1. Quick one: in segment 317-334, which of the residues that are closer than 15 Å to Ser299 by Cβ and out of contact with any Gly (no Cβ under 9 Å at 6 or more places or on another chain) is nearest to the ligand (Cβ to nearest atom)?
2. Can you tell me which condition Ser268 does not meet? The list is (1) under 24 Å from Ser230 (Cβ atoms); (2) part of a helix (DSSP H, G or I); (3) more than 11 Å from the ligand (Cβ to nearest atom), and all the others hold.
3. Scanning segment 322-368 for residues that are among the basic types (Lys, Arg) and touching a residue at least 40 places away in the same chain (Cβ under 8 Å), which turns out nearest to Asp232 (Cα to Cα)?
4. Could you say which residue among Thr123, Thr138, Thr151 is touching a Leu at 6+ places or on another chain (Cβ under 7 Å) and polar (S, T, N, Q)?
5. Within segment 177-204, how many residues turn out to be touching a Phe, Trp or Tyr at 6+ places or on another chain (Cβ under 8 Å) and without any contact (Cβ under 8 Å) to a residue 24 or more places away in the chain?
6. For segment 173-199, name all the residues that are more than 24 Å from Asp346 (Cα to Cα), assigned to a helix (DSSP H, G or I) and modelled with pLDDT of 95 or more.
7. Go through segment 106-152 and give me each residue that's free of Cβ contacts under 8 Å to residues at least 40 places away in the same chain, closer than 19 Å to His288 by Cα and outside any helix (DSSP H, G or I).
8. Consider Tyr194 against the criteria (1) surrounded by fewer than 16 Cβ atoms within 10 Å (Cβ to Cβ); (2) of a type outside the set (A, V, I, L, M); (3) closer than 27 Å to Met275 by Cβ: it satisfies all of them except one. Which criterion is unmet?
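The values are calculated or read from the model by the stated rules, or taken from the named source; none is laboratory data. On a predicted model such as this, the values are computed, not experimentally measured, just so you know. Positions of Cβ are backbone-derived with ideal geometry, glycine not excepted, and every protein chain shown enters the neighbour counts. The accessibility values were calculated without ligands, DNA or RNA, using every heavy atom of the protein model including side chains. Shrake-Rupley method; radii C 1.70, N 1.55, O 1.52, S 1.80 Å.
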Amino acid sequence: MRWIAAIFALLVGLETTRADDAQAAKDATIVETLLRLKTIDVNSNQKLKDAVLRHLELHRGTPKYVNLIDRLNVRGVETALLQLALADPASTEGVHAGELLLKREQAKLILAQIDSDDEAVATKAVSLLGYIGNEEATEILKPLALDNHRTRPVRTAAANALGRSRLGERFLLRVVQDGRLPADLNFTVANVLYASTDDSIRMEVAKYLKLPATAGSKPLPPVSALAKLSGDAAHGKELFNTKATCIKCHKVRGEGKEVGPDLSEIGSKLSREAMFVSILDPSAGISHNYETYSAILDSGNIISGLKVSETDDNITIRSAESIDKVIAKNEIDELIKSSISLMPADLQKTMSEKDLVDVVEFISTLKKKTF
Ligand code: HEC
């Protein structure tokens, strides 16, 4: 008897798929017709709209999805567009979804994400505007880059996003010329403008900003150019463990101190470009849990470092030299979270450009082991 039940279940299954197919075919016809008859407002008839929404579901994740929403002027799908845009801001799909939101005067949805407490979400929404790169997106980005109520990662992301369009580059250059650029964005903006394809922008920025200098005071090329160079990983490893002092703060496969994050798998986490930024401008994006704290003591003394543990009575602060100090809470006047990384910002000064490239070559070989 069991096989009868099985066949019966199969038939019901077939039946429903056939019904689904028929429905899908009908929906597709409705959509075709609506596309041809441009006079009907999809949003005014729930049955039509349901057909369109069902059809759209079948095309989620394809370029057709945003295209249909746009052409049929389907309303009420803005949240889905936002999700799509933020899922991958650096893709055609993501950019189209974002463009459509702006076209529908829904910039406020993107802005709400930028206001998020979650920094990863906020910076993603900012970079979406950079990839859209049109006039409206640029206008939203301009004040963000200069708004000192925003966190440094958000302002840095805004400056990088502005660097994706000529309008944005010109704005950044003007801010630099007027002396209005916050000093903590010098590195980011110098990198953006020194990498401009417009000769006059590159020449002009050179009068105001310098890229970080290596040993012998030779300025480095912008990060985008550095990331294209390949180096000598073995020499990089030697530098990492000696002159470059990385080992004094980072563990690699069990060796080294633990002031900064373990770098044993950093090659699977960061792009080469991001690695150069981590070394040349550590405070641009401080890794989670590695923020610097300063404990101001009643005595007037200040102890800075990472907060490695906390009990009801004590706080343990680890210094840049990897020394842990236990401080009684009742001795602390104030505990301040700093926006400056414990990683020194001028490590490249002890190295040549080639040395730096070699160090990055080495750390990019540190990948997750796949067994
Ligand atoms: C005085 C300690 C110190 C030294 C020296 C140091 N770092 Fe760091 N590093 C840190 C700390 C703390 C962080 C985490 C805070 C941050 O992201 O800025 C960090 C972060 C990083 C990151 C980002 C890690 C991540 O998970 O995103 C990289 C990459 C890095 N360091 C590479 C290096 C290299 C390469 C050197 C040597 C040229 C070096 N560091 C030297 C303390 C140090």
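1. For segment 317-334, the residue satisfying everything is Ile327.
2. Going through the list (1) under 24 Å from Ser230 (Cβ atoms); (2) part of a helix (DSSP H, G or I); (3) more than 11 Å from the ligand (Cβ to nearest atom), Ser268 breaks only (3).
3. Going through the qualifying residues, I end up with Lys354.
4. Sole residue among the options that is touching a Leu at 6+ places or on another chain (Cβ under 7 Å) and polar (S, T, N, Q): Thr138.
5. Going through segment 177-204 one residue at a time, the tally reaches 1.
6. Result: Leu173, Arg174, Val175, Gln177.
7. Correct list: Asp115, Ser116, Asp117, Asp118, Arg150.
8. Single failed check for Tyr194: (1).
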